[in-house]
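K.L.:
Supplied in structure tokens, the structure appears directly below.
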Amino acid sequence: MVCGEDLDSYSSMITADNLCKKYGSLVAVDGISFAIQKGEMFGLLGPNGAGKTTTITMIVGALRPDSGTITIDGEIDPTRNSVRRKIGTAPQALAIYDDLTAEENLFFFGRLYNLSGKLLRDKVDWALSFAGLTLRKKDKVKTFSGGMQRRLNLVSGLLHDPPVILMDEPTVGIDPQSRNQIFDSIEMLKKEGRTIIYTTHYMEEAQRLCDRVAIIDQGTILALDTVDALIRQYGGQPTVEVEFTSTPDKHVKFPGDLTGNKLRAKTDKPLEVLAQISATGIEFQHVGIERADLEAVFLQLTGKKLRD
């Protein structure tokens with residue numbers, strides 16, 4: 001069991017217990033365990049090749065683990081139809097048809113979920129509205145921007161009203177307006193009580209959206225907690241930055257490192273450091289406190305940029 005997490009498949013909506021997956025000699029996922037509560041938004045962060053997509057693919061039942069178990073809403077084995085009906089997916093690779101219209105795509109996917117008649121029409125109308133595509137419903141997908149295609153890709157997996165949603169980098173390569181619209185949609189789904197697994201290349205997304213985050217690298221979970229707890233444990237001390245109006249006399253003692261007229265000091269008590277600096281009477285023109293964020297945590301744990 002990883003990170004000391006108490007796995008309870010009976011109270012959790014999703015439980016992964018000691019998942020392992022190899023491709024020949026490559027170990028893609030190496031003993032991953034976590035439990036996700038109903039209504040929780042759970043982030044998976046890691047550099048390319050860390051095992052995120054393999055983990056997602058096993059959870060949706062498209063790939064069998066070599067060992068370990070997956071439990072969704074009390075049922076073991078996501079390959080069973082009764083379990084798959086509870087899952088909606090927004091895959092990283094777009095799973096929509098360019099030569100069909102937005103409406104035709106949604107009717108097609110709705111029928112795959114055994115929807116028909118008025119229920120199907122109502123679900124398609126809801127999906128178009130939710131994605132902001134009602135006015136473009138008769139247009140072929142190949143005429144859409146990347147952001148519009150991403151939004152259609154997302155709602156195509158929601159037509160059957162699944163309680164569990166898996167999103168694999170749903171905002172990659174899109175414009176800021178579409179990203180914000182997807183954020184708003186995700187937050188609405190969360191308010192409705194959906195359980196969401198979210199992988200992303202963007203730290204600010206995870207920090208904004210996720211209740212808890214697991215940082216994964218080389219197929220293992222390095223840390224798992226709330227964003228605030230991870231920052232407190234791994235982010236390091238805040239840094240006080242002061243820019244003086246001129247270079248201080250070298251005999252004046254300051255906390256931290258002085259380079260020219262700029263001072264940087266790492267401290268758990270930034271206000272006390274600022275008071276010490278102010279007490280010297282030396283005039284300054286800029287003061288800032290730089291606090292750690294999720295990216296600092298990620299770099300501390302993996303030593304890698306997220307886009308490696």
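K.L.:
If you take the residues of the range 149-166 that are part of a loop (DSSP other than H, G, I, E, B) and of a type in the set (A, V, I, L, M, F, W, C), which of them is farthest from K191 (Cα to Cα)?
P.N.:
Among them, the one singled out is L159.
K.L.:
Taking the conditions exactly as written (open to solvent by 10 Å² or more (accessible area, probe 1.4 Å), at pLDDT 95 or above and among the hydroxyl-bearing types (S, T, Y)), does Y10 satisfy them or not? Walk me through how you get there before you give the answer.
P.N.:
Values: open to solvent by 10 Å² or more (accessible area, probe 1.4 Å): yes; at pLDDT 95 or above: no; among the hydroxyl-bearing types (S, T, Y): yes.
Answer is no for this residue.
K.L.:
Check whether at least one residue in the range 179-197 is over 30 Å from N81 (Cβ atoms), among the hydroxyl-bearing types (S, T, Y) and open to solvent by less than 50 Å² (accessible area, probe 1.4 Å), and report yes or no.
P.N.:
no
K.L.:
Under the condition of being part of a helix (DSSP H, G or I) and modelled with pLDDT under 95, which residue from the range 130-148 is least open to solvent (accessible area, probe 1.4 Å)? Reasoning before the result, please.
P.N.:
The initial filter retains those residues of the range 130-148 that are part of a helix (DSSP H, G or I), namely 130, 134-136, 141-143, 146-148.
Checking which are modelled with pLDDT under 95 leaves us with 130, 146-148.
On the way: F130: 27, G146: 40, G147: 1, M148: 27 Å².
By that ranking, first place goes to G147.
K.L.:
Are any residues in the range 246-271 exposed (fewer than 12 other Cβ atoms within 10 Å of the Cβ) and not in a loop (DSSP other than H, G, I, E, B), and if so, which ones?
P.N.:
If the condition is that a residue be exposed (fewer than 12 other Cβ atoms within 10 Å of the Cβ) and not in a loop (DSSP other than H, G, I, E, B), then D257, T259, L271 are the ones that fit.
K.L.:
When both residues are 6+ apart or on different chains and their Cβ atoms are under 9 Å apart, which pairs have a first residue that lies in the range 174-199 and is part of a strand (DSSP E or B), and a second that is among the aromatic types (F, W, Y) and at pLDDT 90 or above?
P.N.:
T195/F42; I196/F42; I197/F42; Y198/F42
K.L.:
Before we move on, is G132 touching a residue at least 40 places away in the same chain (Cβ under 8 Å), within 24 Å of I197 (Cβ to Cβ) and over 26 Å from the mean Cα position of the chain (by Cα)?
P.N.:
No.
K.L.:
Being of a type in the set (V, I, T) and closer than 30 Å to C20 by Cβ narrows it down to one residue among T280, T226; which is it?
P.N.:
Details: T280 fails: closer than 30 Å to C20 by Cβ.
When all the criteria are applied, what remains is T226.
The values are calculated or read from the model by the stated rules, or taken from the named source; none is laboratory data. Fair warning: this is a prediction, and the values are worked out from it, not measured in the lab. Neighbour counts are summed over all protein chains in view; Cβ atoms, including those assigned to glycine, are modelled from backbone coordinates with ideal geometry. Remember, those area values only see protein heavy atoms, side chains included, never the ligands or the DNA or RNA. Shrake-Rupley method; radii C 1.70, N 1.55, O 1.52, S 1.80 Å.
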